[in-house]
Amino acid sequence: MAMTPMTPARFRFAAFELQLGQRLLLREGRLLPVTSRAFDVLAVLAARAGELVSKEELLAAVWPGLVVEENNIQVQISQLRKLIGAASIATVSGRGYRLTLPCTGDNDAGAVPPAPASVPRQPALPLPPALYGRDEDLSDLDEMVRSRRLVSVLGTSGVGKTALAAAAARRALPRFTDGAAWVDVGTALAPADVVAAIAAALHLATDTPAADVVAHLAARRLLLVLDNADRVSAATAALAATLLAHAPRLHLLVTTQVRLNLLEESVYRLAALAVPTAGTPLAAARTFGALAMLEARVVALDHLFALDEDNIAAAIGLCRKLDGLPLALELAAARVPGLGLRTVLAHLNDGLGLLSGGSAGAAPRHRSLQAALEWSYALLAPEEQALYRELAALPPWFGPDQLGVGPNRALRRLDKLAALVDRSLVVFDGGRAEPYALTETGRLFASAKRRQAGSTDRRKKAGASAGFRYD
Ligand SMILES: Nc1ncnc2c1ncn2[C@@H]1O[C@H](COP(=O)(O)OP(=O)(O)OP(=O)(O)O)[C@@H](O)[C@H]1O
Ligand SMILES: [Mg+2]
């Protein structure tokens, strides 16, 4: 617990003395067995003796930067009551606690008024949206987080990694006595930014050296969530390896489009939501995550909307066209009140333009499907980008022999193909003779990239023959 320079060296109340520097609790000079957290709680109550200290203030002061269950406070309070008497700490129903004993604070230079406890605000775990079609994913991921120390949720942009991780972190919270910390590293670009983001979430100074951040976490039983690690996967991996080695009770949950590539890493590959086949009757179709999400999102924007026998075919068509991708469903749903399901479906063939206008609070890459795909595309190496563009010209399902290369380059290209599968940009179905495919929206995007690259090549050639340089 952070103490300000004005904090007294000790508090005295009734027969008790709380020595802040040595972290001791004494009764008539005899040491009492107090745990570290209980000590911190008592120090906050003593600093504000006679006043109500709310549960939120206690959580923020004693578990700064962490998200913990409220019952952690009750555990510490009941331990303290055993040590200093049940009546010494009053419960203010539903709000917080108050030290009832008159208390003085003093330091070696003489008595000073007790300083208020510093109460940093604590970041909350993000509230997950109502999740559709993720019951099984949530319990599987929960089990992984329980048994493995480094779990990364892998999948394409907008598939719902952050949403699922938020739900999983909440579910796991009671198992972590030091709570959970949520760190969005999505805007980090360099290793130092990752450390600074973690330090900030833990309420440490943002220039805290990495070694001190690791030391801070060393003894904690904590769930540390590193969200959106795509662009800093190597830095995240390096830090994760150090944390795993030095903080034996820490568990890490990472969301990323790029694997960390650590031996200790357990990868949870998150697929898009389940989609009904064409012709599925209304009631059965609603049991599929994609359709349930689409319906809920449209109803949220237009309370008069209802799925019925007339529009179910278009709704299923839309879910299939969007491959059950939550972000795409969300963007499409926003268009339905103005245009209707059939028009939205019909215009998706023209390109991705309709899937834009995401909510103002969303990250820029989530304001349109084009932006989300551009983000994923930018994470690829140039050779992977080139292969991805070429795939747009192949039939919907294809095999490795259709990549059109001789045996000496085949291995290299298979490697790139596997990288695209890893990024969820290419679908792999081992049960099929031709096991690879692009998603429908991915194909539209890759085709556009292919056309763009083609016209750039032509301009370059024309420029070269006219004596211009383009690069
Ligand atoms: N199962 C779901 N039910 C309802 N909404 C969902 C579901 N999954 C995701 N969403 C919503 O879809 C949008 C995209 O999800 P999310 O941000 O979790 O994607 P992501 O995989 O983390 O993407 P990125 O890689 O770009 O960070 C969010 O608005 C989220 O609330
Ligand atoms: Mg995310």
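Quick notes on this structure:
- Tabulated pairs, segment 210-223, first on the phi < 0 side of the Ramachandran plot and in the same structural domain as LEU173 (by TED's automatic domain parsing), second part of a loop (DSSP other than H, G, I, E, B) and open to solvent by 30 Å² or more (accessible area, probe 1.4 Å), C-beta under 8 angstrom, 6+ apart or interchain: ASP212/LEU204; VAL213/LEU204; HIS216/LEU204; ALA219/ARG249; ARG220/ARG249; ARG221/THR177; ARG221/ARG249; LEU222/ARG249
- The test for being without any contact (Cβ under 8 Å) to a residue 12 or more places away in the chain and in a helix (DSSP H, G or I) holds for GLN74.
- Among the residues of segment 168-188, those that are of a type outside the set (S, T, N, Q), open to solvent by 20 Å² or more (accessible area, probe 1.4 Å) and within 17 Å of the chain's Cα centre (by Cα) comprise ARG170, ARG171, TRP182, ASP184.
- Check on LEU339, open to solvent by less than 40 Å² (accessible area, probe 1.4 Å) and on the phi < 0 side of the Ramachandran plot: no
- When LEU189, LEU173 are checked against the criterion of being closer than 26 Å to SER368 by Cβ and more than 15 Å from ligand 2 (Cβ to nearest atom), a single residue qualifies: LEU189.
- GLU440 passes every criterion in (1) surrounded by fewer than 13 Cβ atoms within 10 Å (Cβ to Cβ); (2) under 19 Å from SER368 (Cβ atoms) apart from (1).
- Checked against the criterion of being farther than 23 Å from ALA199 by Cα, open to solvent by 30 Å² or more (accessible area, probe 1.4 Å) and assigned to a strand (DSSP E or B), segment 28-41 contains one or more residues that satisfy it.
- Taken together, ALA247, ALA278, ALA314, ALA284 contain a single residue that is away from ligand 1 (no atom under 16 Å from the Cβ) and in contact (Cβ under 8 Å) with a residue 40 or more places away in the chain, which is ALA278.
- Sub-7 Å Cβ pairs linking a first residue in segment 128-155 that is over 12 Å from GLY289 (Cβ atoms) and in the same structural domain as ASP230 (by TED's automatic domain parsing) to a second residue that is among the basic types (Lys, Arg) and within 11 Å of ligand 1 (Cβ to nearest atom), at least 6 apart or interchain, are VAL153/LYS161; GLY155/LYS161, ordered by first then second residue.
- Failed item, numbered, when PRO102 is tested on (1) touching a Phe, Trp or Tyr at 6+ places or on another chain (Cβ under 8 Å); (2) at pLDDT 85 or above; (3) surrounded by 15 or more Cβ atoms within 10 Å (Cβ to Cβ): (3)
- Any pair with Cβ under 9 angstrom, 6 or more apart, that starts in segment 438-449 at a residue that is of a type in the set (Lys, Arg) and ends at one that is open to solvent by 30 Å² or more (accessible area, probe 1.4 Å): ARG443/PRO396; LYS449/GLN385; LYS449/ARG389
- Residue within segment 270-292 that is over 30 Å from LEU322 (Cα atoms) and hydrophobic (A, V, I, L, M, F, W, C) present: no
The values are calculated or read from the model by the stated rules, or taken from the named source; none is laboratory data. Fair warning: this is a prediction, and the values are worked out from it, not measured in the lab. Ideal geometry is used to build each Cβ from the backbone, glycine not excepted, and the neighbour counts take in all protein chains shown. The area values use the complete protein model at the heavy-atom level, side chains included, leaving out ligands, DNA and RNA. Shrake-Rupley method; radii C 1.70, N 1.55, O 1.52, S 1.80 Å.
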